[in-house]
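Structure, as structure tokens:
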Amino acid sequence: MSKYLVNKFLFTVDRDRELTERYREDPAGLVAWWEENLGPRLLNSIEDERTTWLALTDDERRALVEHDHVALFEMGAHPFLTLTLWIAMFERDWDEPLGMQLDYAAKLAHLNVQPYPDIGT
């Protein structure tokens, strides 16, 4: 897994309201667009500086398109990055307080064993 690229996706999409909404409404379209346009760009660099060696794997792409935070966590994506992005996208769909966060945690409960997956990049 390219933890760096997946975490970069989660980080950049979470920090841009327009990208967050596009990811919520059209995940496949946004993932493809991001991988082509923002993924190759170096962080905090001018637009012309790009890398050509990073790419999402099929499993990473599928998990991002399907909003599968469990698979992303199992692959090593940083849980705080997925949680904050999921809050921005899905918290509004829940009526009860902390409903989304409790559901998020419940889906990860089977992973409540140590050591946790390595989230270092």
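Readers should treat all values here as calculations from the given coordinates under stated rules, not as data from a laboratory. The structure presented is a predicted model; accordingly, all values stated were derived computationally and were not measured. Here Cβ is always computed from backbone atoms with ideal geometry, including for glycine, and neighbour counts include all displayed protein chains.
Using a Förster distance of 25 Å, how high is the FRET efficiency between residue 20 and residue 98, based on the Cβ-Cβ distance and rounded to 0.05?
Details: r = 20 Å, r/R0 = 0.79.
Computed FRET efficiency for residue 20 and residue 98 comes out at 0.80.
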Among 75, 86, 30 the positive-end extreme of the charge dipole of the range 3-111 (Cβ point charges): 75
With no solvent and one point per C-alpha, what does the Debye sum give as log10 I(q)/I(0) for the range 3-111 at q = 0.12, 0.16, 0.21 Å⁻¹? -0.41, -0.71, -1.17
Using a simple spin-label model with points 7 Å from Cα along the Cα→Cβ vector, what separation in nm is obtained for residue 74 and residue 105? 2.2
Residues of the range 60-94 with amide N under 13 Å of the 7 Å Cα→Cβ point at residue 54: none
